[in-house]
Amino acid sequence: MKVAIIGAGASGLTAIKCCLDEGLVPTCYERSEDLGGLWNYKDDVRPGQGSVMKSTVC
């Protein structure tokens, strides 16, 4: 069975893993080029898109 996952942040990546464990075929849709969602810090955040504070990243 095919499953759509919206977003490749913490929840999306976990959902992909769970789908694979259950034998499902996940397809993930992410609007940015990187994984991590809000936890992926960016200096140039687009309007309507969130990001953690720079000091959160090691």
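The values are calculated or read from the model by the stated rules, or taken from the named source; none is laboratory data. These numbers come from a predicted model, not from an experiment. Cβ coordinates were reconstructed from backbone atoms using ideal geometry, including for glycine residues, and neighbour counts include every protein chain displayed.
Assorted remarks:
- If you filter region 38-49 down to residues that are assigned to a loop (DSSP other than H, G, I, E, B) and modelled with pLDDT of 70 or more, you find that the one that is nearest to A4 (Cα to Cα) is N40.
- Residue tally, condition under 21 Å from V52 (Cα atoms) and in contact (Cβ under 8 Å) with a residue 12 or more places away in the chain, over region 12-30: 4
- Options L20, L35; residue that is modelled with pLDDT of 70 or more, surrounded by 10 or more Cβ atoms within 10 Å (Cβ to Cβ) and assigned to a helix (DSSP H, G or I): L20
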